[in-house]
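**Q** One structure follows; several queries about it will come next.
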Amino acid sequence: MMNEVDLKILITGGAGFIGSHVVKLFVEKYSNYHIFNLDALTYAGNLENLKDIENKPNYTFIKGDITNETFVNELFNEHKFDSIIHLAAESHVDRSIKDPLAFVKTNVIGTMILLNAFKNTWNDNFSNKLFYHISTDEVYGTLGETGLFTETTSYNPNSPYSASKASSDHFVRAYGETYGMPYIITNCSNNYGQNQFPEKLIPLFINNIINNKPLPVYGDGNYTRDWLYVKDHAVAIDLVFHKGKNHETYNIGGFNEWKNIDLVKLLCQQMDEKLNRIIGASEKLITYVKDRPGHDLRYAIDASKINRELGWEPSVTFEEGLNKTIDWYSSNEEWLNSVTSGDYQLYYEKQYN
Ligand code: NAD
Ligand code: DAU
């Protein structure tokens, strides 16, 4: 829905996993836009993810916290952003179980502060403006063995993380209905790929396999997720930003459901080949551990709306994506070592011991 004129776009959370792929895509593809990346650089944010574009003339990095209202308001007054692609969030379910309030602060209050700043900047005159909220399929809760989440599935979040994302989705829609703010929300399934912090299943297990550490599978491992290669998500975000309809929601998914245990076995097999280990060596590292409380059984996305209306579909198969991901982590040991030192060790001890 955005006209391709010169735009000032604020991307929040652009130093994180998905955000850095979105920032890179926009900076490289649209030299007529200026991309501002606002990120607090929490444990999950990393400027190393943005090395390729850090000196581009159409790119500015701003270190700052979306929960700091004064700072956010001043920033909007100074730059008068035309649109926001909002990704900044606390994103890890296990951390939300230990510290739910941190998730309310960033995901709910932070989003509210951005909504207000955007609304006040444009004084409800929103021509060619857009607030694009990046959300998750976890807001829909859990599925049984069959069925798919569609855009009309009721919200039924089960974890503090998904409750906070559901709440922020509701506020975005409320600003659309109440103040006429143009918005789009996309709800995406599990992403994987390079630059993902190794607390999430795939990068955690790649790192542990490299280091011959146990692979902690929660419960019986029979939980199902739909997996999407992160660069395909970034392409979908670009498409939705430019062609999506105002006040609409789009589900984004990989048409790629895996039970955790099957995925872990595939990963072990691919890693054995890459590391020249005896086939079966990595599988021996699998350790069943205490289940995640409130663990959602199954997520599966019906992405037919974005496919039908905007012509998007994933371009990378799971085997290819996983291969690329393993290769990236194997050849970026320095990145991996830098993010797994210090606080990561404390997190790991608390979570898994
Ligand atoms: P991430 O944890 O890798 O990155 C989050 C980024 O937000 C980090 O760079 C961090 O520094 C920044 N941030 C956190 N709190 C902030 C604050 N208060 N102010 C400013 N910046 C702050 O997350 P991700 O996996 O890249 O997810 C990005 C977005 O996409 C999130 O909104 C998440 O809910 C959503 N999402 C993620 C997935 C997934 O599989 N990872 C799937 C669907 C939707
Ligand atoms: O569905 C989209 C969501 O996917 C995003 O909104 C979240 O930001 C993202 O973190 C992800 O949430 P999940 O909880 O599904 O991802 P995670 O990688 O933490 O876990 C994937 C599955 O693997 C889940 O069933 C729990 C299981 N798991 C995870 C970890 C970290 C394990 O069995 N062991 C583990 O150590």
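**Q** Based on the Kirkwood radius over alpha-carbon pairs, what is the Stokes-Einstein translational diffusion coefficient of the chain at 25 °C with 0.890 mPa s viscosity, in µm²/s?
**A** Working: Rh = 20.7 Å.
In µm²/s, the coefficient is 118.
**Q** Along its principal axes, what span do the Cα atoms of the range 61-132 show, with the longest given first and each in whole Å?
**A** Result, largest extent first: 41, 21, 21 Å.
**Q** Still on this model: When DSSP assigns beta bridges and you keep just the ones with both residues in the chain, what percent turn out antiparallel, to the nearest 5? Each step should come with its number before you reach the end.
**A** Details: 4 of 42 bridges.
Roughly 10 percent of the DSSP beta bridges within the chain come out antiparallel.
**Q** What's the angle, to the nearest 10 degrees (0 to 90), between helix 160-179's Cα axis and the longest principal axis of the chain?
**A** Helix 160-179 sits at roughly 20 degrees to that axis.
**Q** Local charge sum around residue 272 (other residues, Cβ-Cβ under 12 Å, Lys/Arg +1, Asp/Glu -1)? Could the numbers behind the result be given before it?
**A** Working: positive: 265, 274, 277, 284; negative: 273, 283.
With Lys, Arg at +1 and Asp, Glu at -1, the neighbours total +2.
**Q** For the range 241-353, compute the number of Lys pairs whose alpha carbons are separated by less than 23 Å, excluding pairs fewer than 8 positions apart on the same chain.
**A** Summing the qualifying lysine pairs gives 13.
**Q** May I pose another question? Could you tell me what percent of the accessible area of the chain is made up of carbon and sulfur, with a 1.4 Å probe and every protein chain present?
**A** Details: 7110 of 14680 Å².
Ligands and nucleic acids excluded, carbon and sulfur reach 48 percent.
**Q** Then there is this: So, counting K/R as plus one and D/E as minus one, what does the shell of residues with Cβ under 11 Å around residue 179 add up to? Don't skip to the answer; put the middle values down first.
**A** On the way: positive: 119; negative: 124, 177.
That sum, taken over residues with Cβ under 11 Å, equals -1.
**Q** Still on this structure, I have one more. Scan the range 65-113 for trypsin sites (Lys or Arg not before Pro) in coil per DSSP, keeping those whose Cβ has at most 13 other Cβ atoms within 10 Å, and list them by number.
**A** Working: sites: 80, 95, 98, 105; in loops: 80.
In loop regions of the range 65-113 (DSSP not H, G, I, E or B), the sparsely surrounded trypsin sites (Lys or Arg not before Pro) are 80.
**Q** Related question: Run down the aspartates and glutamates and flag those whose C-alpha is under 16 Å from the C-alpha of residue 24, throwing out any fewer than 8 positions away in its chain.
**A** Within the straight-line limit of under 16 Å, residue 24 reaches these aspartates and glutamates: 39, 48, 52, 54, 232, 238.
**Q** Note down the relative contact order for the chain as a percent, whole number, built from C-alpha pairs under 8 angstrom at least six residues apart.
**A** Working: 651 pairs, mean separation 61.9, N = 353.
So the answer I get is 18 percent.
**Q** Taking only protein heavy atoms and a 1.4 Å probe, what accessible area per residue, in Å², does the chain have with all protein chains in place?
**A** Numbers: 14680 Å² over 353 residues.
Value for the chain: 42 Å² per residue.
**Q** Could you list, in their original order, any pairs among 29/51; 29/119; 8/119 whose Cα atoms are separated by more than 20 Å? It would help to have the intermediate numbers written out before the result.
**A** Working: 29/51 16 Å; 29/119 28 Å; 8/119 16 Å.
Exceeds cut-off: 29/119.
**Q** Just check the range 41-182 against the gyration tensor rule for me: Cα atoms, a ≥ b ≥ c as the square roots of the eigenvalues, rounded for a/c under 1.5, and otherwise prolate or oblate depending on whether a/b exceeds b/c.
**A** Numbers: a/c = 1.80, a/b = 1.30, b/c = 1.38.
Here the range 41-182 falls in the oblate category.
**Q** Across the range 176-248, what fraction of all alpha-carbon pairs, as a whole percent, falls in each successive 5 Å bin from zero upward?
**A** 3, 12, 17, 17, 15, 10, 10, 8, 5, 3, 1
**Q** Using just the helices of the chain, give the 222 nm mean residue ellipticity in deg cm²/dmol: DSSP H runs with n ≥ 4 each add -39,500 (n - 2.57), and the total is spread over all residues, rounded to 500. Can you show the working numbers first?
**A** Details: 13 runs with 143 residues, N = 353.
Result for the chain, helices only: -12500 deg cm²/dmol.
**Q** Now, a different point. Ordering 181, 112 by accessible area with a probe of 1.4 Å, largest first, what comes out? Show your work: numbers first, answer last.
**A** Details: 181 0, 112 45 Å².
Final ranking, largest accessible area leading: 112, 181.
**Q** For residue 319 and residue 290, what does the FRET efficiency come to when R0 = 22 Å and r is the distance between their Cβ atoms, rounded to the nearest 0.05?
**A** 0.10
**Q** Taking K and R as +1 and D and E as -1, what net charge do the other residues with C-beta under 15 Å from the C-beta of residue 109 add up to? Display every interim value, and only then the final one.
**A** Working: positive: 105, 165; negative: 65, 69, 90, 99, 169.
Its environment carries a net charge of -3.
**Q** Can I ask one more? When the solvent-accessible surface of protein heavy atoms is calculated with a 1.4 angstrom probe, in what order do 335, 312 fall, highest first? All intermediate terms of the calculation are to be shown ahead of the outcome.
**A** Values: 335 25, 312 5 Å².
From most accessible down to least: 335, 312.
**Q** Among the GluC sites (Glu not before Pro) within the range 129-200, which fall in a DSSP loop and have no more than 13 other Cβ atoms within 10 Å of their own Cβ?
**A** Details: sites: 138, 145, 151, 177, 199; in loops: 145, 151, 199.
Filter output for the range 129-200: 145.
**Q** Give me the percent relative contact order of the range 90-168, please, defined on Cα pairs under 8 angstrom at least 6 residues apart. Walk me through the numbers before you get to the answer.
**A** Working: 69 pairs, mean separation 34.8, N = 79.
Result for the range 90-168 is 44 percent.
The values are calculated or read from the model by the stated rules, or taken from the named source; none is laboratory data. As the structure is a computational prediction, the values presented were derived from the model and not from experiment. As a convention, Cβ positions derive from the backbone with ideal geometry for all residues, glycine included, and neighbour counts pool all protein chains shown. SASA here: full protein model, heavy atoms, side chains in, ligands and nucleic acids out. Shrake-Rupley method; radii C 1.70, N 1.55, O 1.52, S 1.80 Å.
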